[in-house]
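Notes follow the structure.
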Amino acid sequence: MRKVWAVVRREFVERVRSKWFWVTAVLGPLFFGAIVIIPMKLQASGGGAKRVVVVDGTTTGFGARVADSLTRNPEFTIVGRAVFGAGVADSLARQVGAKQLDGFLIVTDSTVETGLAEYDASNVSSFRHIEALRGVLDRLAVNARLERAGVDPGLVNRAQLRVDLRTRKISGSKTTGESSAQSFGLAYVMAIVLFLVITIYGVNVMSSVLEEKTTRVVEVLVSSLRPFQLLLGKVVGVGAVSMFQFLIWLVGGTLVLSRAAALLGGLAPPEATAEQVALELPTVAAATIGVFLTYFLGGFLLYSAMFAVVGAISSNEQEARQAQLPVMFLLMIAYLSVFALATNPGSAYAVALSLIPFTAPIAMPVRWAAGSLPGYEIGLSLGILAAAIVGVTWTAARIYRIGILMTGKRPSVKELARWVRA
Amino acid sequence: MLTPMVALERVTKRFAGHTAVDGLSLSVPPGVIFGLLGPNGAGKTTTIRMIMDILEPDEGTVRLFGQEFGGRSHSARAGYLPEERGLYPRMRVLDVLVFLAEVKGVSRRVAGPKADEWLDRLGLGDWRLRRVNELSKGMQQKVQFISTVLHDPDLVILDEPFLGLDPVNTQVVKDAVVELRRRGKTIVFSTHIMEQAEKLCDELCIIARGKKLVDGTLSDIKRTHGGHHLVVGFDGSAGAAQPVFLDRQLVKKADDYGQYAELELAAGADAQMILQRLVASGVRLSRFELMEPSLNRIFIDLVGSEAARPEARPDA
């Protein structure tokens, strides 16, 4: 055991001593912080209020009502009204080109009749502004049509009062503070982190195996400890580094996010600040962190054994890069399914992915974050994963044992099968 | 009789398509320098790897210190320098040494000071906190040698220890080997360079194609495989001596180096006769000496040009 400990210690100390560890430690939270904050920031600022001219081609005063309504909307500044006519659109387009205007909205009588209007602007991809415009036009067009049919628009407005659906996730039987948008965001971030970290540390194990093989240190090592002890020490050592990395990220991430509130405070509209910001910061339940770490550990053990095999059967970096592709693809299946998993965590596909041990390490935490899961499913998935870890590690150790001493040609699948049986 | 430090009994190792070691038995008594000699591809490294537990023999047994376990179980008592050298390039010299000692079962507290002591002794004291890849090849070789002997093993196994060393470092390693024996350690080393083996070995075993050709003490082997040998040195051209060398009545075999020749006398031939003929031929002699054959001579005679050609080794 002391020999295994020596290997664990070396892997840990050498890695934590390296520049890259600290670069990742610092950049990690910044990177993930950026993923969370930048979209929020963009949404909050969104380029500010749009300066818009309303081109009125209506004969019923509908255009005036649109302009009036938009004036009261903080998203827009109505800088003027123009009467629809030849050449008006062209001259406004020039103003947009010269950045004196952000855009102009053309409403005509047919807007009410057929529901057609036109918004020409330098930026038509700002989802929020387009939605706001559409909302205003919709409401006013409906009102105008109702009015013409003799219905009181005030009555209709009251009748159409929209339901504000607040979503809160129930985990176990407790209501958590996680909202649905947050759940999705959390699931997504978890998938990214799991994928990246399993890959990074799996590849770490691989290059460690490869380094010992190419430098031939392995021969001295194997004369002192069993290949399995060496593999075990390596996986545990690198795993410990990853846990240490998480610890740093957790502490660092908490700091960045607590600062984020202050950061966002300055950017969001003043009256919305407190509530909005508090809501959008992820509140992550301890159970979620537990599930995340458990599956990370399982995924890391499973994949690092496979990455170790890749290192053991390759003789140089290039070969290893090629040989690692199948392993990467396996991990990517779950990663690429994040959307399906998060939007429909109860589907047959999602259940299948969480029972297959190679996809479960990403699929399960994503489903957990997106919606609650029955306990027996977690138990079953963890059981299968544990069995797979034992099986894969056993197979990997048998290949590793022979592979690390091999030089030259990479073995074929048939040869690998023979090594496993040997 | 003393328990042999290393004992191989009819050990066989096959790789896909060929037999690397074929029924090899050998025994290394304590306190000697034992040479494992053979041409390239003879199975020396495979034999050593089986002794060190890196490979398992297909047949036969390997005993170390009288027990039926290979090097791994005795890693604290055995030091191993593999043929293909290598250290962790990005680790500090001292850390590598301590780690490799730890893996053999030595505690960090013991290993640290010992590593410092050895580094100082081999003139690497200033380099202890440098990374391995900042060291020259020769310095790395020394570090690797230190890692082999740092834990003060009773048995030191060196696979081609002089390979790739410059004359200065060859001397350093040779001195260290002699010093180890003086302290009662047993050294097994493999080589295909006979001059070194001849100077260092007490006992040796010559193998070719995985089979033992001969083993025993150096003097015994010389006696049994000797025959009558003659060394002739020339002052100037040896051209005129050719007819003498080719006279099968007198000379069974001649190994002519131009300025120098080793002759094996034909059965019943007289060295005096050869001297007379050489003088008569007009060559100027600088040396004329009856002697034991060199190990190199015996090796080449035994192994033969045929066996020196290794079989295809798919798995070197």
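Here are a few things to note about the model shown:
- For chain A, the longest principal axis of the alpha carbon atoms and the long axis of helix A:2-17 meet at an angle near 40°.
- Relative contact order of the stretch B:227-291, pairs being alpha-carbon contacts under 8 Å that are 6 or more residues apart, as %: 49
- Here the simple spin-label model places points 7 Å from the Cα toward Cβ, and for residue A:91 and residue A:161 these points are separated by 4.6 nm.
- Reference-scaled alpha-carbon Rg (2.2 N^0.38 Å with N residues) for the stretch B:227-291: 0.96
- Summing both sides, the accessible surface hidden between B and A at a 1.4 Å probe radius is close to 2600 Å².
- Degrees, to the nearest 10: B:271-281 long Cα axis against longest axis of chain B: 70
- Kirkwood hydrodynamic radius of the stretch A:50-95, from the reciprocal of the average inverse Cα-Cα distance over all distinct pairs: 11.0 Å.
- Each of A:331, B:140, A:142 was scored by the projection of its Cα onto the charge dipole of the protein assembly as shown, and the greatest displacement toward the positive side belongs to A:142; charges sit on the C-beta of Lys, Arg, Asp and Glu.
- At 0.890 mPa s and 25 °C, Stokes D of the stretch A:321-422 from Kirkwood alpha-carbon radius, µm² per second: 160
- Principal axis dimensions, largest first and in whole angstrom, of the stretch B:128-273 by Cα: 65, 34, 30
- Centroid-to-centroid separation of the stretch A:107-166 and the stretch A:233-256 [C-alpha atoms, Å]: 52
- Here the contact order of the stretch A:48-159, divided by its residue count and restricted to Cα pairs under 8 Å and six or more residues apart, works out to 27 percent.
- Along its three principal directions, the equivalent ellipsoid of the stretch A:211-252 from the Cα gyration tensor extends over semi-axes of 29, 11, 5 Å, largest first.
- Here the calculated FRET efficiency for residue A:196 and residue A:286, from their Cβ-Cβ distance with R0 = 22 Å, stands at 0.45, rounded to the nearest 0.05.
- Anisotropy class of the stretch B:40-117 from Cα gyration tensor, a/c 1.5 cut: oblate
- For the stretch B:6-223, projected area of the alpha-carbon convex hull averaged over all directions, nm²: 11.8
- Per residue, the stretch B:127-194 exposes 40 Å² of accessible surface when a 1.4 Å probe is rolled over the protein heavy atoms with every protein chain present.
- Treating r as the C-beta distance of residue B:117 and residue A:244 and R0 as 25 Å, the FRET efficiency rounds to 0.15.
- Equivalent-ellipsoid semi-axes of the protein assembly as shown, from the Cα gyration tensor, Å, largest first: 83, 28, 23
- What you get for the stretch A:48-159, charging only the Cβ of Lys and Arg (+1) and of Asp and Glu (-1), is a dipole of about 300 debye around the Cα centre.
- Calculated [θ] (222 nm, deg cm²/dmol) that DSSP helices of n ≥ 4 give over chain B, each run adding -39,500 (n - 2.57): -10000 deg cm²/dmol
- Taking only the C-alpha atoms of chain A, the Rg (one decimal) and the largest Cα-Cα distance, Dmax (whole number), read 29.6, 96 Å.
- Ranked by the mean number of other Cβ atoms within 10 Å of their residues, highest first, the peptides B:32-40, A:135-143 come out as B:32-40, A:135-143.
- Cα-Cα pairs of the stretch A:300-342 separated by more than 13 Å (percent): 57
- For chain A, a Gaussian network of Cα nodes joined below 10 Å ranks A:60, A:199, A:395 by mean-square fluctuation, and the top entry is A:60.
- Length-normalised contact order for chain B - Cα pairs under 8 Å, 6+ apart - percent: 20
- Convex hull of the stretch B:1-70 built on C-alpha atoms - directionally averaged projected area, nm²: 4.8
- Around the Cα centre of chain A, unit charges on the Cβ atoms of Lys, Arg, Asp and Glu (plus for the first two, minus for the last two) sum to a dipole of about 1920 debye.
- The stretch A:48-159: translational diffusion in µm²/s, Stokes-Einstein, Kirkwood Rh over Cα pairs, 4 °C, 1.567 mPa s: 90
- Think of the stretch B:6-223 as having a plus end and a minus end, set by charges on the Cβ of Lys, Arg, Asp and Glu; of B:180, B:27, B:129, B:129 sits farthest toward the positive end of this dipole.
- Springs join every pair of Cα atoms under 10 Å in this Gaussian network model of chain A, and among A:222, A:163, A:203 the largest mean-square fluctuation is at A:163.
- Residues of the stretch A:218-246 whose accessible area (probe 1.4 Å, heavy atoms of protein chains only) drops by at least 50 Å² once all protein chains are present, relative to their chain alone: A:219, A:220, A:223, A:224.
- Computed Rg/Rh of the stretch A:292-364, alpha carbon atoms with Kirkwood Rh: 1.06
- Measuring with a 1.4 angstrom probe and ignoring ligands and nucleic acids, residue B:142 comes out at about 40 Å² accessible.
- Per-residue extension of 0.36 nm, minus the Cα-Cα distance of residue A:38 and residue A:336, leaves a gain of 105.0 nm for this segment.
- Charge-dipole axis of the protein assembly as shown as Lys and Arg at +1 and Asp and Glu at -1 on Cβ define it, positive-most pick from A:308, A:365, B:205: A:365
- Folded to 0 to 90 degrees: helix B:295-307 orientation relative to chain B principal axis, Cα: 90
- Cα-Cα over 23 Å, subset of B:13/B:222; A:50/A:99; B:174/B:253: B:13/B:222; B:174/B:253
- Every helix of 4 or more DSSP H residues in chain A counts as -39500 (n - 2.57), and over all residues that averages to -23000 deg cm²/dmol at 222 nm.
- Charged side chains reduced to their Cβ positions (Lys and Arg at +1, Asp and Glu at -1) give chain B a dipole of some 640 debye around its Cα centre.
- Residue-normalised accessible area of chain A, expressed per residue, 1.4 Å probe, Å²: 49
- Whole-angstrom gap from the stretch B:74-103 to the stretch A:361-422, using each part's C-alpha centre: 31
The values are calculated or read from the model by the stated rules, or taken from the named source; none is laboratory data. Since this is a predicted model, take the numbers as computed values, not measurements. We place every Cβ from the backbone using ideal geometry, glycine too, and count neighbours over all the protein chains shown. In case anyone asks, the SASA skips ligands and DNA or RNA and just uses the protein heavy atoms, side chains included. Shrake-Rupley method; radii C 1.70, N 1.55, O 1.52, S 1.80 Å.
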